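What follows is calculated from the coordinates using simple rules that are stated; it is not laboratory data. All values derive from a computational prediction rather than experimental measurement. Every residue, glycine among them, receives a Cβ derived from its backbone with ideal geometry; neighbour counts consider all protein chains shown.
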Amino acid sequence: MSWLEALILGLLQGLTEFLPVSSSGHLELGGTLFGLEDPHDFFTFNIIVHGATFMSVVVVFRKDILSLIVNLFRFQWNAEMKFALLLLASAIPTAIVGLLFEEQIETIFEGRVVFIGFMLLITATLLFLTQFAPKTGKQVTLKTALIIGIAQTFAILPGISRSGATISTALFFGIARAQAIRFSFLMVLIPIFGANFLKVLSISEQASSGAMDVTPMIIGAIAAFGAGLFACSWMLSLVRKGKIVYFSYYCLAVGLTAILTGIF
């Protein structure tokens, strides 16, 4: 992977991570377009740029995160403590799938353009249906946190949008839009931190032995972080205004294009 390819893919990841259009699907399509053939290295790059966008969430939600951490160490049962525990609960399904099926997950990232196209059509359907979601203003419970966490595990499949799946699921349960947004964006921090911690240790060993060129990883990460800051703030504004449904048309167009391209 060249530095220019890393830069473009990093920007693509950062811009699409928080929009409900599947950043992993776009990354995979971009990798296929550039002809990147090593699935292991590309999977590693995918994890690293996701980690960079993780840092942009930390920056945007720094006050929320600090408040959650402070309340956790107070050991007092209050709204923030409950919210933090619900975030931890939501990470359980993804942690189980990630730990038990890491090798199988890695094989998914192998340029299956038609498959990605169909997954984007599923994302488009979820986003389109949000306009019919009940507006009851409910709060997240342990049950809904686990179900939203299960929805997040499906975003392991390239083409299924993580934010699209989690926000849509929350809205389908009638959860207040503001809390659905906050919960969806904060719940990703735990699994991405865990995946990146393990992957960075592995990359450090390979880099020290000269087995891997980390320059593209660094360039991609910086690009993803900068683009993620912009996209995260923009997405928050769009969802609050109820405009998430418009992304369904985009996913439909890209999904059909990917399917037709893969077939013909």
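The table for this structure:
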read-out	value
Kirkwood estimate for the chain, i.e. one over the average of 1/r between Cα atoms, Å	18.6 Å
Farthest toward positive dipole pole in the chain [+1 Lys/Arg, -1 Asp/Glu at C-beta], among 26, 42, 216	26
Charge tally in the Cβ shell below 11 Å around residue 185, where Lys, Arg are +1 and Asp, Glu are -1, residue 185 excluded	0
For the chain, size of Cβ-based charge dipole, Lys and Arg +1, Asp and Glu -1, in debye	1660 debye
Axial C-alpha extent at least 30 Å, average Kyte-Doolittle at least 1.0 - helices from the chain (DSSP)	39-60, 79-100, 215-240
Burial ranking of peptide ranges 168-175, 17-24, 92-99 (average Cβ count within 10 Å, highest at the top)	17-24, 168-175, 92-99
Mean-position separation - Cα centroids, segment 159-186 and segment 51-96, in angstrom	16 Å
Inter-label distance for residue 65 and residue 143, nm, one decimal - labels placed 7 Å from Cα along Cα-to-Cβ	3.2 nm
Mean Cβ count within 10 Å, highest first, over the residues of peptides 27-36, 65-74	27-36, 65-74
Computed [θ] at 222 nm, helices only, for the chain once each DSSP H run of length n ≥ 4 contributes -39500 (n - 2.57)	-26000 deg cm²/dmol
Under 5 Å, built H, 5+ apart or other chain: amide partners of residue 138	175, 176
